[in-house]
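Enquirer: Below: one structure in structure tokens.
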Amino acid sequence: MPIEWDGAIWPVMLPGEKDDDPCRLLFYKVPADIPEEYYTRVGKKKVLKKE
């Protein structure tokens, strides 16, 4: 839902590669710094709304 509200993923959630690996949450201070690959992974396009 944050993508629909502001155009940015918050937080970026990365699952572990193996069952025993921990999940990771990434918090970006500047939404423009979030790599495009995280958007395409969830089927979205990186389009940040202007303030």
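Read-outs throughout are calculated quantities, based only on the coordinates presented, and are distinct from any laboratory measurement. Quick caveat: nothing in here was measured; it's all calculated off a predicted structure. Quick reminder, even Gly has a Cβ in these numbers, built from the backbone with ideal geometry, and neighbours come from all protein chains shown.
Enquirer: So how do 22-28, 8-14, 39-45 stack up, highest first, on mean other-Cβ count within 10 Å? Before the final figure, lay out the partial values.
Expert: On the way: 22-28: 10.0, 8-14: 16.1, 39-45: 11.7.
Result, highest mean Cβ count within 10 Å first: 8-14, 39-45, 22-28.
Enquirer: Against the empirical 2.2 N^0.38 Å scaling, what ratio does the C-alpha Rg of the chain come to?
Expert: Numbers: Rg = 11.9 Å, N = 51, 2.2 N^0.38 = 9.8 Å.
So the Cα radius of gyration is 1.21 times the expected 2.2 N^0.38 Å.
Enquirer: Set Lys and Arg Cβ to +1 and Asp and Glu Cβ to -1, take the dipole of the chain about its Cα centre, and tell me which of Pro22, Ala8, Val42 lies farthest positive.
Expert: Among Pro22, Ala8, Val42, the one farthest towards the positive end of the dipole of the chain is Ala8.
Enquirer: About the Cα centre of the chain, how large is the charge dipole given +1 on each Lys and Arg Cβ and -1 on each Asp and Glu Cβ? Please answer in debye to the nearest 20. Can you show the working numbers first?
Expert: Working: 9 positive and 10 negative charges, 62 e Å.
Here the size comes out at about 300 debye.
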